[in-house]
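Scroll down for the structure; my scribbles are underneath it.
The values are calculated or read from the model by the stated rules, or taken from the named source; none is laboratory data. Here the structure is a predicted model, which is why all the values come from computation and not from measurement. Virtual Cβ from ideal backbone geometry, glycine too; neighbours counted across all protein chains shown. Note: accessible area is taken over every heavy atom of the protein model, side chains too, but ligands, DNA and RNA are not part of it. Shrake-Rupley method; radii C 1.70, N 1.55, O 1.52, S 1.80 Å.
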Amino acid sequence: MKNASYILRGMTRDGSARIVVENSTEIVNDAMRLHHTSPTATAALGRTLTAASMMGSLMGGKEDSLTVAINGDGPVGSIVAVADYMGNVKGYVGDPTAEADAKSNGKLNVSGIVGDGRLTVSRFLDGKPYNGVVRLKSGEIAEDIAAYYAESEQVPTVCSLGVLVGEEDGRLICRAAGGVIVQLLPFADEKIIGILEKNAASLANISTLINNGATGKEIADIALAGIEYDVFDEFEVAYRCDCSRERTAKMLLGMGKNDVMKLFEEKNDEDIEAACYFCDKKYVFTKEDVEALFSSVK
Ligand SMILES: [Zn+2]
C-alpha cells in the first residue's frame, strides 16, 4: 500500500470503541496540486479532507455521502470536503493563498487563517439529509471535529489530524498527512475512556509519526495502547472527483433557461465555461448546446 493513501478500521475486543486511522499523504498532495494551496491553507484543507474521509468511512450505505464545511471569519474563507462511504474525498478552500505567521512552536497556524465561526456536517444517509452545526472550538480542525461529535451527536470522540508540508526540488509538497478517530460506542467501559484520553496525547504529532514511516497498525497501537483490539480491514482511499458533463448540464438546467441565456448576452454569445470547484475540470457549453439542453427537457 506504499504511495497510496489508505484507511485502517478496527474495534476494541470488548466493543467499547471503534477506531479509524488514515494515511492521507497522497490525498493532500493531489489537493495541493489541484488548488495551489499555501503551506497553511494546505494544512487547513488537508486536515479537513482527512477528517471527512475518515468520517465518510464510518457510514454504511453505498450511496451515502458526507460534507464537512468550515465557515470561519479568517482569510482562508470556507473550507469544504465531501467524502463517500469508502473514504474517497474531494474538497476546496475559499482562498488557497491564505497564510498566517507560524505558531511559537513552529507549527502551521491553521486557526490563524480559519478564524471564528462554525463547522457543519451534512450527511446523506439512505437518501435523507442530516445536518449538525457547532461553533468552532479552536479552528485547528481536530478539536472542532471532536466537539462536533460530542455536542451534536453525543458521541465521545478522540480526533487527531496532522499535515506536514515541506519543500522538494524547490516546490511545496506534503511530506506526510493523516489522522485518527477513536469513538466510544454505547455502554463503553469507563476504564477505557481514561486510557484513550491518556493515549491521545501521544498522537499530537501524527504527521511526524507518518513521516517517520509509522504504518496504520502502528498508529492504532499507539491510540489503543493498553487495550486489546482487532483490525477489521485496510483499504486504499483517494482524492476523487465525480463531476461530469451530465452533472454540469443538470446544474445549468437548475439555473433556469433565462439566467443561463443572460450569461451568453453578457459575454456576446461566447461559449460559457463551468469549472469544477473540486478538480478544476472545465466544461464548455456553446449557445447551441444550451438551447438543445433546454429543449430536451420540455
Ligand atoms: Zn470535478
- Item | Helix-only [θ]222 nm of the chain, DSSP H runs n ≥ 4, -39500 (n - 2.57) each, per residue, nearest 500 | -10000 deg cm²/dmol
- Message: Please report Rg (one decimal) and Dmax (integer) in Å for the Cα set of the stretch 245-296.
- Response: 10.6, 29
- Theoretical gain in end-to-end length, Arg171 to Val155 [0.36 nm per residue, Cα-Cα removed]: 1.7 nm
- Cα-based equivalent ellipsoid, the stretch 84-230: semi-axes from gyration tensor eigenvalues, Å: 26, 22, 16
- Using Cα positions and a limit of under 17 Å, work out the aspartates and glutamates in reach of Lys191, with same-chain residues fewer than 8 apart set aside. Asp14, Glu228
- Message: For the pairs Lys90/Lys217; Lys128/Lys257; Lys103/Lys198; Lys267/Lys287; Lys107/Lys137; Lys250/Lys281, flag any whose C-alpha to C-alpha distance is greater than 20 Å.
- Response: Lys90/Lys217; Lys128/Lys257; Lys103/Lys198
- Query: Binning every alpha carbon pair distance of the stretch 152-194 at 10 Å from zero, what are the percents per bin?
  - Reply: 22, 31, 20, 17, 9, 1
- Item | Rh (Kirkwood; distinct C-alpha pairs) - the chain, Å | 20.3
- Query: List the cysteines of the chain that have no other Cys Cβ closer than 4.7 Å: which are they?
  - Reply: Cys159, Cys174
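Hey, can you find the accessible area per residue of the chain for me, probe 1.4 Å, expressed in square angstrom?
Counting only protein heavy atoms, the per-residue value for the chain is 49 Å².
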- Query: Could you give the length gained on full extension between Leu125 and Ala292, defined as 0.36 nm per residue of separation minus the Cα-Cα distance, in nm?
  - Reply: 56.7 nm
- Note on the structure: Among trypsin sites (Lys or Arg not before Pro) in the stretch 1-92, those in a DSSP loop whose Cβ has at most 15 other Cβ atoms within 10 Å are Lys2, Arg13, Lys62
- Counting only protein heavy atoms and using a 1.4 Å probe, what share of the accessible area of the stretch 17-175 belongs to carbon plus sulfur, as a whole percent? 47
- Carbon and sulfur atoms: what percent of the 1.4 Å accessible area of the stretch 204-259 do they account for? 48
- Message: Below 8 Å, C-alpha to C-alpha, sequence gap of six or more: please give me the relative contact order for the stretch 5-237 in percent.
- Response: 27
- Task: May I ask you to derive the FRET efficiency for Glu63 and Asn205 from their Cβ-Cβ distance with R0 = 51 Å, giving the value to the nearest 0.05?
- Result: 0.90
- Task: Taking all pairs of distinct Cα atoms, average 1/r, flip it, and tell me the Kirkwood hydrodynamic radius of the stretch 156-298 in Å to one decimal place.
- Result: 20.0
